[in-house]
Structure formats: C-alpha cells, structure tokens
Amino acid sequence: MTTAFVTAASVEEAVAALAGGARPVAGGTDLVVGARQGKSPLPESLVAIHRLEALRGIEAVDGVLRFGALASHEEIADHPVVLERLTALADASTIVGSHATRAQGTLGGNVMNASPAMETGGPLICLGATVTLHGSGGVRWVAVADLFAGPGRTTAGADELLTAVDVPLPAEGTGSSYVRLEYRRRMEIAVVGATAAVTLEAGTVTDARIAITALAPTIRRVPEAETALIGTKGDRAAAESAAEAAAAASAPISDVRASDGYRRAMAVVITRRAIEAAVARARGEVVPVPASSSALGDVS
C-alpha cells in the first residue's frame, strides 16, 4: 500500500486533510516505529504538520504554561518553569525514550497516541492540563483527564487536531513528581508508573492528586489514594496508605514485561516513592530530576 503524503501550510489545511481521512504526523516517533514493528500499518494518507510555527513554543499565558503541540520532550525537560513549578512533567519528559526520541518526539503526538504507559499523561492529568482541539466545527477545549478513552484511543474527533496543551501553574507549597519502574535507563516505557502532586499548608496536605500509569486501560487519578493523603503530614505511613489504595484501584495486565501480580505489588512501591518525592519538593527539599533515578536498584 502506498501512503499519500502532504505537508500542511496552516492549521486550517491540516484540519481539512484530517476531515478527508488523513492522519497527522510530526516527529513520527510513535507512528513510524509502530509501523516498523508491525503493530499497525501506516495509514493511507498522512498530513505533515512539522512546519506549522503556530504549533511551536512554550509560553506563560494568564497563569498557565502553554505548550505548542510540537513542543519536544527535550524542550519541555529543559524549560526553567517546568523544572521549577511543573516538576512531575520534567521527570516524565526527561526519561521519554532516547535522546533522539526526546529531540524529535512531540508532546502533542505523545498525548494523542494515548498509550496507558505514556510518561507525560499522569503529570498532565495531576497538574490539571487541558488540550486545545481544532476541528471542522471550530475549536474546543478538553481536560487531559477526559481525553483518554482507552489504549490508543481518545475522545477527539477524526477531524480534530491538537494544537496546544495548557498546564495551570500550581499554588505555592505544591510539589509534584513522576516515578516509573524501569528495567533500564534508556529506551524504556513504564512497567508501572505513578504521579503525585501535593500541596502543603502549615505542614499538612491540603490537596493531593495521584495518578497511575500502565496499571489500567487508561492513565487515571485514584480518588481513594488522594483521600488517604489529604489531612495528613505526608509522612511514610500516610504515603504507604495512599499507595496501597492506588494499588487496590489498579487493573494491570500480564504481558512480556511483567505479570499483573508483579505490577500490582510494585504499584505500592512506586506510588509511595512518587508521593514521598512530591511531599519533599512541596517542603522545598531538592529531589533531582528525574525522580525515577532514585528508584533504580531499590524497590524497598
């Protein structure tokens, strides 16, 4: 099969191509690799969006940090505001794939790929991110938490193009982290992942958001874990209780990388580590990026 390929000169041209059955491509780190591995064939028609300057850049706008859909993981991981205020997203972007993947792969593509093991999904959900979707019928905004419909599926229409991701800057006293269980440091995807975003006031947790990755058909928050943490000092016992609630809410699968039982057991460890790192950051302590590095070689 021959794939038709066109390059869009504007968002409007890209949307028109999508309405005609094309799929967008930018970095191609998911689409091309998937085709080469035989997971899914290339579509009959592709529209390249890599030349659309309107989809580039990272800027602060009215209390949010706006990421163009073409913002690369490398750009995100190096951005000073991300490192200071949206640290869970820095944790995630720093460990996506390889150096080449981070340089070419885009946030928009990562989000729309909708993998339940994607690195950036949990941080975006816990940080309250929304996406901008341009379609034939106009523009709409959707919370990332409402975008994922299943493995590889989103609630976006076939003619809708993700053009930006907005992440609100968190309140003072907030710390966040993303931690994954990994077998190696490069070219890895999460076997188990957890995100925590915690706000402290006078040493007490007043807000908590916890999401699990690679433990259910979609990345999602765990209200039971959040409730277990709010009102506590965020100490080891509270983190352990919240982590156990996260593991209890998981629905992992068995595959070549891990059994469901192993994933569920590691969910407690990884979620606790994510909570502890987030609480430490909320207290003003330095936890190096990526937070996952401290989990390697120690799963106690």
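The values are calculated or read from the model by the stated rules, or taken from the named source; none is laboratory data. Since this is a predicted model, take the numbers as computed values, not measurements. For neighbour counting, all protein chains shown are included, and Cβ atoms are generated from backbone atoms with ideal geometry for every residue, glycine included. To get the accessible areas, we keep the full protein, side chains included, count just its heavy atoms, and leave off ligands, DNA and RNA. Shrake-Rupley method; radii C 1.70, N 1.55, O 1.52, S 1.80 Å.
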Residue list for the range 93-143, restricted to those being farther than 21 Å from L161 by Cα and aliphatic (A, V, I, L, M): I95, V96, A100, A103, A117, L127
task: Within the range 153-162, identify whether any single residue is free of Cβ contacts under 8 Å to residues at least 40 places away in the same chain, touching a Ser or Thr at 6+ places or on another chain (Cβ under 9 Å) and closer than 17 Å to R221 by Cβ, and answer yes or no.
output: no
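Just for strands (runs of 3 or more DSSP E) wholly inside the range 150-214: which have at least 2 residues that are more than 16 Å from the chain's Cα centre (by Cα) and of a type in the set (S, T, Y)?
204-213
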task: Name every residue in the range 82-98 that is open to solvent by 10 Å² or more (accessible area, probe 1.4 Å), touching a residue at least 24 places away in the same chain (Cβ under 8 Å) and assigned to a helix (DSSP H, G or I), in order of residue number.
output: L83, R85, T87, T94
- request: Considering each residue of the range 249-288, count those that are part of a loop (DSSP other than H, G, I, E, B) and in contact with an Asp or Glu (Cβ under 8 Å, 6 or more places away or on another chain), and give that number.
  value: 4
task: Taking only the range 129-142 into account, find how many residues are in contact with a helix residue (DSSP H, G or I) (Cβ under 8 Å, 6 or more places away or on another chain), surrounded by fewer than 22 Cβ atoms within 10 Å (Cβ to Cβ) and over 14 Å from V11 (Cβ atoms).
output: 1
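Can you confirm whether V198 is open to solvent by less than 70 Å² (accessible area, probe 1.4 Å) and either touching a residue at least 60 places away in the same chain (Cβ under 8 Å) or polar (S, T, N, Q) (or both)? Let's see the steps before the verdict.
Numbers: open to solvent by less than 70 Å² (accessible area, probe 1.4 Å): yes; either touching a residue at least 60 places away in the same chain (Cβ under 8 Å) or polar (S, T, N, Q) (or both): yes.
The answer is yes for V198.
Okay, residues lined up against (1) under 21 Å from E182 (Cα atoms); (2) touching a helix residue (DSSP H, G or I) at 6+ places or on another chain (Cβ under 7 Å):
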site	(1), (2)
E224	no, yes
T232	no, yes
A242	no, yes
A245	no, yes
S250	yes, yes
I253	yes, yes
R273	yes, yes
S293	yes, no
Positions within the range 219-248 being closer than 23 Å to A149 by Cβ and either open to solvent by 30 Å² or more (accessible area, probe 1.4 Å) or in a strand (DSSP E or B) (or both), in sequence order: R220, R221, P223, E224
- prompt: I58 fails exactly one of the following numbered conditions: (1) modelled with pLDDT of 95 or more; (2) open to solvent by less than 30 Å² (accessible area, probe 1.4 Å); (3) in contact with a Lys or Arg (Cβ under 8 Å, 6 or more places away or on another chain); (4) not small (G, A, S). What is the number of that condition?
  reply: (2)
- line: Of the listed residues (A216, A149), the one being surrounded by fewer than 24 Cβ atoms within 10 Å (Cβ to Cβ) and under 30 Å from A8 (Cα atoms) is A149
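Quick grid of which residues meet (1) modelled with pLDDT of 95 or more; (2) within 30 Å of A228 (Cα to Cα):
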| position | (1), (2) |
| --- | --- |
| A129 | yes, yes |
| R140 | yes, no |
| G150 | yes, yes |
| E160 | yes, no |
| E182 | no, yes |
| A196 | yes, yes |
statement: Only unsatisfied item for G27, checking (1) surrounded by 21 or more Cβ atoms within 10 Å (Cβ to Cβ); (2) touching a His at 6+ places or on another chain (Cβ under 8 Å); (3) at pLDDT 95 or above; (4) not acidic (D, E), is (3)
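Filter the range 55-70 down to the residues that are touching a residue at least 60 places away in the same chain (Cβ under 8 Å) and touching a Ser or Thr at 6+ places or on another chain (Cβ under 8 Å) and list them by number.
Our first condition is that a residue be touching a residue at least 60 places away in the same chain (Cβ under 8 Å); within the range 55-70, this holds for 55, 60-61, 63-69.
Listed by number, the residues that qualify are L55, G68, A69.
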